[in-house]
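The values are calculated or read from the model by the stated rules, or taken from the named source; none is laboratory data. This structure is a prediction, so every number in the text was calculated from the model and none was measured. So basically every Cβ, Gly included, is an ideal-geometry build from the backbone, and we count neighbours across all protein chains shown. Protein only, heavy atoms only, side chains kept; ligands, DNA and RNA dropped before computing areas. Shrake-Rupley method; radii C 1.70, N 1.55, O 1.52, S 1.80 Å.
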Amino acid sequence: MQKSLHIDPNKCTGCLQCEMACSWENYRSFTTAKSRIKVFSFHEAGRFVPYTCTQCDEAWCMIACPVDAIRLDPATGAKIVLEPTCVGCKVCTIACPFGTINYVAQTGKVQKCDLCDGAPACAKACPTAAITYVDSDWTGLDKMRQWAGKTDTNQATA
Amino acid sequence: MAWTKNVLRVNLETGSCTTEPLNMTWAHDYLGQRGLATKYLVSEIDPKVEPLSPKNKLIFVTGPLTGTMAATGGRYSVVTKGPLTGAIACSNSGGYFGAELKFAGWDMVIFEGTSPKPVYLLITDGKAELVDASHLWGRTVWETEEAIKKQHQDPQIRVAAIGRAGENGVLYAAIVNDLHRAAGRSGVGAVMGSKNLKAVAVRGTRTDAYQVADPDAFFTAVDAGKKVLAGNGVTGQGLPTYGTQVLMNVINELGALPTRNHRDVQFEGAMAIGGEAMHEKRPTDGKANLVTNGACFGCTIACGRISRMDPGHFSVKDKPQYHGASGGVEYEAAWALGAANGVSDLEALTYANFLCNEDGFDPISFGATVGAAMELYDLGILTKEIVGFEIPFGSTEGMVKLAELTAKGEGFGREIGQGSKRLCAKYGKPELSMTVKGQEFPAYDGRGLQGMGLAYATSNRGACHLRGYMVSPEVLGIPVKMEPQATEGKPAMLKAFQDLTAVVDSSGLCLFTTFAWGLQDIQPQLQAACEGDWSEERLLLIGERIWNMEREFNLAAGLTGKDDNLPPRLLKEAAQTGPQKGAVSKLDVMLPEYYRVRGWTSEGVPTDETRVRLGG
Amino acid sequence: MRHLIIGSGPAGVVAAETLRKADPAAEITMLCGEAGPPYSRMAIPYLLRGDIPEAGTHLRKDADHYARLRIQLVQASAKAVDAVARKVDIGGRSLPYDRLLIATGSRPSREQIPGIDLPGVQACWTIADARALLAQARPGTRIVQMGAGFVGCIIMEGLLSRGVDLTILVRSGYMVRRMMDATASGLLRSWCEAKGVKILTHTQPTGLTSEGGVLQVALANGRVLPADIYLSAVGVDPNLDFLEGSGIALGQGILVDANLQSNVPGIYAAGDVAEATDCLTGKRQLNAIQPNAVEQGRIAALNMAGRPTRFKGSFVFNVLTTLGLVSSSFGEWQGVPGGESTEVLDPAHYRYLNLQFEGDRLVGANTVGFTDHVGALRGLIEGRMRLGVWKQRLMADPTQVMQAYLAAAHSLV
């Protein structure tokens, strides 16, 4: 069974341990600005929303990449950026309608969640179980993918 | 390593921003944050400097664990000479600002002089610039943060700002970051305002600014620490659920909840303003005051209160800007805005608390000063004519109106903004000011809790619960249970707490971890993060060194052992109700013993032997 | 089933791959107009800058990728299409097909001025152009570039990195006027000028001459600029010439229906040459951007394989890096009649964000110096998401756009 990140904003306190864990995993530093998961704060609603790539089936980023620098990891279902191949053209960053693949000026490459090879550091670091890594059936990921569904050109073929 | 080793020095007079290497000898002797910045301050300013003059300096400082994955590792402090007390001022805050400063590559920012016009400091990684803030002067903290983020098109910028309180010289003005976390006490915001410095805005994206020395050991220690916090009743359950407000009913039942300017030690309205009440659905709109709990950077406790007011409440009825969720009352604020002046309307306290955050002033000193004003009113010394409206004890409307006037410096708010010591002195009743060294008491009665009385009297920044939290042993039994009225062993326990607190305040961690953590939990985290030897013994020595450094500064500033005192009410007027009925503070019994364990003379001056032993 | 694809750009390659997946038994042939493996023009600026070798521009990295998928590559250009006989003339022979995809992309527009065929006049479009530029551009080489559109801007960094002396002529008053508003364009200009590029607006050459091997670029105002290279970058046109007389209906491009099929059954078009429906305006138009090319390639292929699939329309969005300054453009960035707009500008830090609304929907945006989560702008616009209360919040502070997106798209708030 493939697993997915399950995010429950109701449990998030905005501590950013997930962002630090992500940054540590990928940069060996605690720089939240470099995190691939971002916690958005909705001050007036008193709400924190962690948000990252859902590894959507449409894979807008992967298909838009002009140099084949984004590949599918068959083990986890993650779409992974191959840094040495990425030229930094940023086409994927405007193609992804979720805004979850981003350009990093420091490296001149793009980055996105790669599920840490199947052991997501953010989920491990979350103190309140707002972020968990669970069987895909459980995730209610459908909600996050609603938009993708709306414009899914495959619908007509189904 | 865990320090960025970079200090940013900003001369507001000339507008120059220069970088200098962190004095690592001092870092090894004073750790970081409170200790390290105080070392810089005492080395650079004349202790007798007028706090609101250009010659005073203002330091924003992080600790070695700030911006790491250590639980609660996001704290920063603001260190200066305080205008409320004339003593050392060091106010500690959470939120996200401190970590961002580290990410940008700075341990410390030292502000010197006074800017000829309003400015804010914009730090983008290694780049620092002073930006004209004329358009922000006169605006609130919240407006300022919003405007700066919008101007630079970056919602991720973290902002620490003063509101109108800091601009208008409210002596307990705070510096507020991330909308509702504050370097709240001792008037650090007034110093910032006196320098024409509206805000510090930071964006940090560096990955090479600092590092932990031994990552494997660090994560082992940090993970162990998080488990302890999660498993502890206070940090794992009490604080996330009720916040510090968990204490309201506990302290009230114990008979140590100062009420109506310390006339009483129990408040009949405590139930209505405590943590449980925040969870209850309001009859008016069917919603609870508390929306959720929020965490500061890196914090796995998450004690922060996020509240939403009843939009129909008289104080906000036609003010939709206060209808959204924002920082709710913590225990000290609820006490000061409520019990200290006899007000038991939780919504009104929440509103006043919003105003304190919005315009940057300390709810403890504000509420306590209102309490003093209400007593003066009760005695007929203040009148409706002087104040402009009626302020009997328990007047919700009076408290709310004063909250609205104070930051703006309007009407009687201008007098409230000078604090209770100056207010009571002006009206000929200095003994009614519930302060030590000019700073108002927080929410524990020194008669009910003898150790807290001693802690207040000896606190280096004036009356304060965060310099030696004797509530832990006297109420919670941490690390051992001490009877509230006992005096024996308390001076030594207080010294240990004060020294340990100085270490925690210098590390980047939150003091609240110490409900669950002892030094044995903190030491491995520091040891793994920082290069060199950071044994428990050495850390405690550092804590004691910091305490004595602050003391020496205060003595040089003109304070003496006579200032280690409590108002006569606490020494002479016995508690009238509750388990502590009949008690007065036994400060006279404890203080000489305290001086002795500190290695100070009977006048409260560190002996030469102590000075040599502590070095630094 | 014989599938023939004319063109080996992103649309053609994705179409071929999609066909293979959808129709494992089919015969798939792809015509490549240039020598070498299929590559991406998007990568050329990075080749010029020396970031990557030529192989880094290849659309697919595995040497046997096409062979493995049994996609036959034929190096040839189409000369004519015989829609009745179902054959494509490739010069000297013709290839039969059952289904045809035209994905021939664009070519640089040709300036109509005297001297445009002189040696030293160059485009920067193909990998061969890039090679030629790399061979000639040295420190001090005088390059006069006509045009500051998308291509003109994106190649600047590669040129400057070689130390050339760069002067840019702009016919209108604005750089990148087809994707940026005047404010954004002005930021780009001052950014470029600060980096040492000379920019002459309201300027175009009247003719070119050569004197002693040095080009003389005559301007309308009488000035003459000496140049070692004259780089012509005045835009692109779709490659349609070979379709003359084929019976395929043409507008600006190949007119296609919702299945990306032309008026001739069995003949499809994708990418820069396809004139398909714009999902914002509802009108047919060309949309020469990479994400559109691959999406159309995929959908055309599904239809060719007998799986009716509708193209729901696309809209124009693009991202541009000009000497390191990132800008982007989405949809109706010029605004719509009766719409509203909001913006924030920080010229000192080269940051700008402009949002265009129609009612409570986002319909367009321009950004400069703003890269985080920009894809959400596409999501908001293409999804035609109603912003509700967030509309007013964005009017007050456009930087809240990601929050607005999360609220509108995912109902997370």
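The set of residues in region B:165-209 that are surrounded by fewer than 24 Cβ atoms within 10 Å (Cβ to Cβ), under 30 Å from residue A:16 (Cβ atoms) and more than 14 Å from chain A (Cβ to nearest Cβ) is empty.
Count, please, the residues in region A:73-132 that happen to be within 25 Å of residue A:11 (Cβ to Cβ) and in a loop (DSSP other than H, G, I, E, B). So the count comes out to 16. Pull up region C:273-309, narrow it to residues that are open to solvent by 30 Å² or more (accessible area, probe 1.4 Å) and either touching a helix residue (DSSP H, G or I) at 6+ places or on another chain (Cβ under 9 Å) or facing chain A (nearest Cβ under 9 Å) (or both), then point me to the one that is nearest to residue C:149 (Cα to Cα). My answer is C:288. For region B:558-616, give me each residue that is touching a residue at least 60 places away in the same chain (Cβ under 8 Å), among the aliphatic types (A, V, I, L, M) and under 21 Å from residue B:263 (Cα atoms). Once the filter is applied, which keeps residues that are touching a residue at least 60 places away in the same chain (Cβ under 8 Å), among the aliphatic types (A, V, I, L, M) and under 21 Å from residue B:263 (Cα atoms), region B:558-616 yields B:566, B:570, B:574, B:575, B:583, B:584, B:587.
Out of curiosity, is residue C:408 within 14 Å of chain A (Cβ to nearest Cβ), among the aliphatic types (A, V, I, L, M) and on the phi < 0 side of the Ramachandran plot? When the stated conditions are applied, residue C:408 passes them. Can you find, within region B:304-337, the residue that is farthest from the other protein chains (Cβ to nearest Cβ) among those that are under 18 Å from the mean Cα position of the chain (by Cα) and open to solvent by 20 Å² or more (accessible area, probe 1.4 Å)? Across region B:304-337, the extreme among qualifying residues is B:332. Scanning region B:336-354 for residues that are over 19 Å from residue B:309 (Cβ atoms) and part of a helix (DSSP H, G or I) yields B:339, B:340, B:341. Please work out which residue is farthest from the other protein chains (Cβ to nearest Cβ), limiting yourself to region A:43-78 and to residues that are open to solvent by 40 Å² or more (accessible area, probe 1.4 Å) and over 20 Å from residue C:60 (Cα atoms). Once the filter is applied, the top-ranked residue is A:75.
The set of residues in region C:150-195 being open to solvent by 30 Å² or more (accessible area, probe 1.4 Å) and part of a loop (DSSP other than H, G, I, E, B) consists of C:161, C:162, C:163, C:171, C:174, C:177, C:178, C:195.
Tell me, please, whether a residue that is within 14 Å of another protein chain (Cβ to nearest Cβ) and under 20 Å from residue C:241 (Cβ atoms) can be found in region C:37-59. Scanning region C:37-59, I find at least one residue that is within 14 Å of another protein chain (Cβ to nearest Cβ) and under 20 Å from residue C:241 (Cβ atoms), so the answer is yes.
Would you kindly identify the strands (runs of 3 or more DSSP E) lying entirely within region B:1-106 that contain at least 1 residues that are within 14 Å of another protein chain (Cβ to nearest Cβ) and buried (at least 24 other Cβ atoms within 10 Å of the Cβ)?
Because the criterion is at least 1 residues that are within 14 Å of another protein chain (Cβ to nearest Cβ) and buried (at least 24 other Cβ atoms within 10 Å of the Cβ), the strands (runs of 3 or more DSSP E) in region B:1-106 that meet it are B:58-62.
Looking only at region B:151-171, residues that are assigned to a helix (DSSP H, G or I) and at pLDDT below 95 come to 1 in all.
Filtering region B:161-189 to residues that are of a type in the set (D, E, K, R) and farther than 17 Å from residue B:420 by Cβ leaves B:164, B:167, B:178, B:181. Among the residues examined, residue B:326 qualifies as touching a residue at least 40 places away in the same chain (Cβ under 8 Å) and within 18 Å of residue B:244 (Cα to Cα).
Hey, any hits in region B:255-271 for a residue that's touching a His at 6+ places or on another chain (Cβ under 9 Å), more than 14 Å from chain A (Cβ to nearest Cβ) and touching a residue at least 12 places away in the same chain (Cβ under 8 Å)?
no
Being touching a Cys at 6+ places or on another chain (Cβ under 9 Å) and either within 24 Å of residue C:47 (Cβ to Cβ) or crowded, with 17+ Cβ neighbours inside 10 Å (or both) holds for only one residue in C:78, C:103, C:130, and it is C:130.
Kindly establish whether residue B:581 is of a type in the set (D, E, K, R), within 24 Å of residue B:475 (Cβ to Cβ) and surrounded by fewer than 17 Cβ atoms within 10 Å (Cβ to Cβ). Considered against the rule, which asks whether it is of a type in the set (D, E, K, R), within 24 Å of residue B:475 (Cβ to Cβ) and surrounded by fewer than 17 Cβ atoms within 10 Å (Cβ to Cβ), residue B:581 comes out as yes. Considering region A:26-42, and only residues there that are basic (Lys, Arg) and at the interface with chain B (Cβ under 8 Å from one of its Cβ atoms), the residue that is farthest from residue B:155 (Cα to Cα) turns out to be A:28. Note on region B:501-512: residues that are closer than 13 Å to residue B:30 by Cα and of a type outside the set (Ser, Thr, Tyr) amount to 5.
Condition check: buried (at least 19 other Cβ atoms within 10 Å of the Cβ), among the aliphatic types (A, V, I, L, M), touching a Phe, Trp or Tyr at 6+ places or on another chain (Cβ under 8 Å) and modelled with pLDDT of 95 or more. Does residue A:101 satisfy that? Spelling it out, it is not the case that residue A:101 is buried (at least 19 other Cβ atoms within 10 Å of the Cβ), among the aliphatic types (A, V, I, L, M), touching a Phe, Trp or Tyr at 6+ places or on another chain (Cβ under 8 Å) and modelled with pLDDT of 95 or more. Of the residues B:573, B:537, the single one that is acidic (Asp, Glu), surrounded by fewer than 22 Cβ atoms within 10 Å (Cβ to Cβ) and farther than 30 Å from residue B:509 by Cβ is B:573. I'd like to verify a number: residues in region B:412-426 that are in a loop (DSSP other than H, G, I, E, B) and surrounded by fewer than 18 Cβ atoms within 10 Å (Cβ to Cβ), how many? Looking only at that region, the number is 0. Contact list please: Cβ distance under 8 Å, first residue in region C:356-379 and assigned by TED's automatic domain parsing to the domain that holds residue C:328, second residue of a type in the set (Val, Ile, Thr) and open to solvent by 20 Å² or more (accessible area, probe 1.4 Å), pairs at least six apart or on different chains. Hits for this filter: C:356/C:336; C:358/C:336; C:363/C:336; C:364/C:336; C:366/C:183. For region B:457-491, filtered to residues that are part of a helix (DSSP H, G or I) and small (Gly, Ala, Ser), the residue that is nearest to residue B:570 (Cα to Cα) is B:457.
Here's the yes/no breakdown for (1) closer than 23 Å to residue A:91 by Cβ; (2) outside any helix (DSSP H, G or I); (3) modelled with pLDDT of 95 or more:
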site	(1), (2), (3)
C:3	no, yes, yes
C:21	yes, no, yes
C:30	yes, yes, yes
C:63	no, yes, no
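The listed residues are B:348, B:340, B:407, and the only one of them that is hydrophobic (A, V, I, L, M, F, W, C) and under 16 Å from residue B:261 (Cα atoms) turns out to be B:340. Of all the criteria given as (1) in a strand (DSSP E or B); (2) closer than 29 Å to residue B:402 by Cβ; (3) more than 22 Å from the chain's Cα centre (by Cα), the one not satisfied by residue B:128 is (2).
The strands (runs of 3 or more DSSP E) found entirely in region C:310-382 that carry 1 or more residues being more than 14 Å from chain A (Cβ to nearest Cβ) and either within 16 Å of residue C:400 (Cβ to Cβ) or β-branched (Val, Ile, Thr) (or both) are C:340-346, C:351-358, C:361-368.
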